[in-house]
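Reviewing the structure listed below.
The values are calculated or read from the model by the stated rules, or taken from the named source; none is laboratory data. Predicted, not measured: the structure shown is a model, and the values here were computed from it. So basically every Cβ, Gly included, is an ideal-geometry build from the backbone, and we count neighbours across all protein chains shown.
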Amino acid sequence: MTAGRADSAARPAAAQSGIMRNAAIRLGVAVAVAAAIAGVLLAIRGQVSGLDAWLTASAAAYLPVAVVGAAMARREPANPVGWIFLVSGVTLPLANLLHLIGGIALELVSGGLTVLAVPLAALFGVLLFPDGRLGSGRRRALAWAYAIALVLLLIYGLCSPTLIDQPDVPNPLSLGGWVSALLVVVLLLGPMIALAAWSLLRKARAAGGDRGAAMRLAAYAGFGCAATFFACLAVGMTSGDTAQISVLENTGPVVLGVAAWVGIVRYGLFDTRVVVSRTLVYGALTAVVLAVYAGAALAVGQIAGGAIAALAALPLRDVLQRQVNRLVYGLRDEPAAALARLGERLDAAGAPDEALAAAAGTVADALRLSYVEVEVAGSVVATHGRRGPEPVRELPLPFAGETIGRLVLQSRHADFTLADEALLANLSRQVAVVAHAVTLAAELRHSRERLVTAREEERRRLRRDLHDGLGPTLAGIALGIDTVRRALPAGAQADADRLDLLRGEAQRAVADIRRIVYDLRPPVLDELGLAGAVREQALRLGCADVEVADLPPLPAAVEVAAYRIALEALANASRHAPGAPVTVTVSSAGRLVLRIADAGGGIPDGYRAGVGIASMRERAAEVGGSFVIGPGPSGGTLVVADLPLTAP
């Protein structure tokens, strides 16, 4: 009972804490945006130096750091990395605004806030990414060193002999000339950030997987931050003036924040979709409303401009929300659009084998999944994306009352909403239909290949039997008739005529057998083999280069298909590129590959395949091969037939 009461009391407290935390995050982002906008307006309207204008632009460009920090802090409030980015993203625009306003007090505050901007993100943002844990003793030592460096920088910013941005104005909080020596800490920031990036890179190598990839991305951005401070060091040692390079220093953490966010989203360190959705919607809405207000204010005045901007915000939010939902969540809120996209991609698929890959890609895009796999009859037939260490979700593929396969899904976001489940159910049914159709097409293709192979093998057997059995037998009968006729007495003319008639019938039967034998299978294949037959035909047509490797025994169907394709391709080359050099290559490294290339004018644009090309493509498909015709690497036309070496 006591524990239950304690839990009941803890829930409202936790909820209140979450409300206050989210309010603080929103306030921080609002302050950053307002400070950046106010700074830009002051820079536009006021008399500022060129350096201040550039610094103001870099402070406005620093806003993504605050947005990234806010998103991370809302998703994982116990992780200090998000708060570090948020504080850094707020303090730089605010410090720049206070500097533009001017005054000794505001300049002092600006100098102190500057320490919490770029150095804080570049040092601790890199060192603690992504989970906020230090881990090893070396990293803890680095953290202490960085904390001491920030404290020294804070003392320098508040207690230097003169104001940092106004060296001619004495600092009322000065602790003496010795504080100027602390400037050396600024020169050490580059090596210190590089050490943090190196430490993160080592941690990434130990982590491996998607987590390691995200950490590597942030580490490389950390090295970029270090490079900007090394540039500052180089300029300071050569000219003594580092003011101009400070603009570049401000851009380093922007790259770091964006890289960290890309790593988090791409490699799924945690679910950021809700935060991303709201951030994108309200960020884009703010930018559009400001643009509308600025344009309307210039055209019709500030009051009317405000009214126009307010009216524009109402429909814009809905439009932006739909677009952002598509970007972040996919098409879970638009099942009709998802099914329509699936239909479009299936229609665009050029072959049955490409249909399941298109379906897997559509499912992945519709729900922003990292990996989709389609299994049919226990075999993986299509995949999309890269499989990671996350747990998988399996859905059956039902068709006609039975399960024909599985749809294996993997998401970097563990939970599926009711809308996700409903869309998955609809898509899985459509994928099942596609899988069944593709399976039937594959079975039909294999059946045709087996029929063609059996037909050609039977033709080869019949040719051999007719050529070696019935043909010689009929020829022997004809010779026997001649022998009988010569043995007839001189007055048996009627018998001689009958024997001549029989001999003529026997000769015609032999001719018919020979014609049937030739029609069943090209005789040259049995006389010379495929290699010799192709070589003979190519040399007869005057090919410049013929290279035919020794071939293993081939199935009859493959042998005939290769020979017919070669003859048709050579005939086309002699017909459409007369006099041009023709190269013939036949190889058998795992597959029988026939290549015929000519140096003619090539295939004209917009050509339509005729009967010959269609016949070659069909012959290749009948035995489970492929046929491609197109421009050669150095011009002309190239024909490639890729056929199996074994019977299906």
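Values for this structure:
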item: So Ser49, is it hydroxyl-bearing (Ser, Thr, Tyr) and within 28 Å of Gly132 (Cα to Cα); result: no
item: Residues located in region 72-114, provided they are over 25 Å from Leu175 (Cα atoms) and assigned to a loop (DSSP other than H, G, I, E, B); result: Glu76, Pro77, Ala78, Asn79
item: Every residue from region 461-491 that is at pLDDT below 70 and touching a Lys or Arg at 6+ places or on another chain (Cβ under 8 Å); result: Arg463, Gly471
item: Residue in region 495-505 that is closer than 26 Å to Ala621 by Cβ and in a helix (DSSP H, G or I) present; result: no
item: Which numbered condition Asn325 misses (of (1) polar (S, T, N, Q); (2) closer than 19 Å to Glu443 by Cβ; (3) at pLDDT below 70); result: (2)
item: Selection from region 602-643 of residues that are in contact (Cβ under 8 Å) with a residue 60 or more places away in the chain, out of contact with any strand residue (DSSP E or B) (no Cβ under 6 Å at 6 or more places or on another chain) and either under 20 Å from Thr583 (Cα atoms) or surrounded by fewer than 17 Cβ atoms within 10 Å (Cβ to Cβ) (or both); result: Ala621
item: Trp54 free of Cβ contacts under 8 Å to residues at least 40 places away in the same chain and of a type in the set (Phe, Trp, Tyr); result: no
item: Subset tally (residues that are among the basic types (Lys, Arg) and at pLDDT below 75) for region 197-233; result: 1
item: Selected residue (only one of Ala597, Ala562, Ala577, Ala571 is over 19 Å from Pro644 (Cα atoms), crowded, with 20+ Cβ neighbours inside 10 Å and in the same structural domain as Pro633 (by TED's automatic domain parsing)); result: Ala597
item: Any hit, region 58-69, residues being farther than 18 Å from Leu120 by Cβ and either modelled with pLDDT of 80 or more or in contact with a helix residue (DSSP H, G or I) (Cβ under 9 Å, 6 or more places away or on another chain) (or both); result: yes
item: Among the residues listed as Glu390, Glu373, the single one being modelled with pLDDT of 75 or more and either surrounded by 19 or more Cβ atoms within 10 Å (Cβ to Cβ) or out of contact with any helix residue (DSSP H, G or I) (no Cβ under 8 Å at 6 or more places or on another chain) (or both); result: Glu373
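Quick grid of which residues meet (1) closer than 20 Å to Cys225 by Cβ; (2) under 48 Å from the mean Cα position of the chain (by Cα); (3) modelled with pLDDT under 85:
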site: Leu100; (1), (2), (3): no, yes, yes
site: Ala105; (1), (2), (3): no, no, yes
site: Ala121; (1), (2), (3): yes, yes, yes
site: Gly132; (1), (2), (3): yes, yes, yes
site: Gly157; (1), (2), (3): yes, yes, yes
site: Ser160; (1), (2), (3): no, no, yes
site: Pro167; (1), (2), (3): no, no, yes
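For (1) surrounded by 13 or more Cβ atoms within 10 Å (Cβ to Cβ); (2) part of a helix (DSSP H, G or I), each residue gets a yes or a no:
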residue: Arg140; (1), (2): no, yes
residue: Leu150; (1), (2): yes, yes
residue: Gly157; (1), (2): yes, yes
residue: Gln166; (1), (2): yes, no
residue: Val186; (1), (2): yes, yes
residue: Met192; (1), (2): yes, yes
residue: Leu217; (1), (2): yes, yes
